[in-house]
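*Asks:* The structure follows.
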Amino acid sequence: MGRFIRIVNPKIYKERNKIIVDEFSKGHSAAAIGRNLGMSRERICQIIYQETGLAPREHLLKRTLALQNKSIEVTKRNCRYCDTLFSPSMSRHVYCSKNCRDTKVRLDQRVKDITFICNQCNKSYHPQRSSANKFAAGELIKAFCSNSCYTKAGRGNK
Ligand SMILES: [Zn+2]
Ligand SMILES: [Zn+2]
């Protein structure tokens, strides 16, 4: 009778660690949690790392980044090409999709002050910079408004 047996129940530690992670995720600092539980700040940091795979410092960084992303998300903008309203994942994004960006870039590369007549469909169009350069150098004899006209013309010649 009266023998004191110290039982270390891993469940209790699990519970405690859960409380530590909870408190930390609520925004309490490792130092404050340590003060409440009578543990060192370093021990709290270790437990947070052990339980979540991220050190408190990394958690804070993640939180900061998440907040930044959120503020970007709410500032929707119109795609500079198709005018669709979208949420840019990066503040510098001005196109809703890679497709819109590529198309716009291709259009911008066209030379606006030169007009070619398509050899296949007779439509007038602004050539790409590379075609205009070839034309200026006397290399380009036949010009086509699109790849499909180019292909059609190729087939017609055969
Ligand atoms: Zn777009
Ligand atoms: Zn054409």
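The values are calculated or read from the model by the stated rules, or taken from the named source; none is laboratory data. Being a predicted model, the structure only gives us computed values, none of them experimental. Every residue, glycine among them, receives a Cβ derived from its backbone with ideal geometry; neighbour counts consider all protein chains shown.
*Asks:* With the requirement that a residue be among the β-branched types (Val, Ile, Thr) and not in a helix (DSSP H, G or I), what does region 41-62 give you? So that I can check it myself, show each step before the final result.
*Replies:* Initially, region 41-62 is screened for residues among the β-branched types (Val, Ile, Thr), giving 44, 47-48, 52.
Listed by number, the list is empty, since nothing qualifies.
*Asks:* Right, here's the next one. State whether one or more residues within region 56-67 are farther than 30 Å from residue 86 by Cα and surrounded by 15 or more Cβ atoms within 10 Å (Cβ to Cβ).
*Replies:* The answer is yes; a qualifying residue exists.
*Asks:* In addition: For region 86-118, give me the residue count where each residue is touching a helix residue (DSSP H, G or I) at 6+ places or on another chain (Cβ under 6 Å) and away from ligand 1 (no atom under 13 Å from the Cβ). Please lay out each step first, then the result.
*Replies:* Step one: list which residues in region 86-118 are touching a helix residue (DSSP H, G or I) at 6+ places or on another chain (Cβ under 6 Å), which gives 87, 91, 95, 109, 111, 114, 118.
In the following step, the residues that additionally are away from ligand 1 (no atom under 13 Å from the Cβ) were identified as 91, 109, 111, 114, 118.
Of the residues in region 86-118, 5 are touching a helix residue (DSSP H, G or I) at 6+ places or on another chain (Cβ under 6 Å) and away from ligand 1 (no atom under 13 Å from the Cβ).
*Asks:* Select, from 18, 26, the only residue that is charged (D, E, K, R) and surrounded by fewer than 11 Cβ atoms within 10 Å (Cβ to Cβ). Break it down stepwise before answering.
*Replies:* Numbers: 18 fails: surrounded by fewer than 11 Cβ atoms within 10 Å (Cβ to Cβ).
On inspection, the qualifying residue turns out to be 26.
*Asks:* Scan region 95-123 for residues that are under 24 Å from residue 76 (Cα atoms) and within 16 Å of ligand 2 (Cβ to nearest atom) and report the count.
*Replies:* 0
*Asks:* If you don't mind, there's one more thing I want to ask. Can you confirm whether residue 87 is modelled with pLDDT under 85, surrounded by fewer than 16 Cβ atoms within 10 Å (Cβ to Cβ), touching a Lys or Arg at 6+ places or on another chain (Cβ under 8 Å) and over 23 Å from residue 23 (Cα atoms)? Walk me through it before giving the result.
*Replies:* Values: modelled with pLDDT under 85: yes; surrounded by fewer than 16 Cβ atoms within 10 Å (Cβ to Cβ): yes; touching a Lys or Arg at 6+ places or on another chain (Cβ under 8 Å): yes; over 23 Å from residue 23 (Cα atoms): yes.
It is true that residue 87 is modelled with pLDDT under 85, surrounded by fewer than 16 Cβ atoms within 10 Å (Cβ to Cβ), touching a Lys or Arg at 6+ places or on another chain (Cβ under 8 Å) and over 23 Å from residue 23 (Cα atoms).
*Asks:* Quick check on my filter: what residues within region 99-158 are surrounded by fewer than 15 Cβ atoms within 10 Å (Cβ to Cβ) and among the hydroxyl-bearing types (Ser, Thr, Tyr)?
*Replies:* Correct list: 103, 115, 124, 130, 146, 148, 151.
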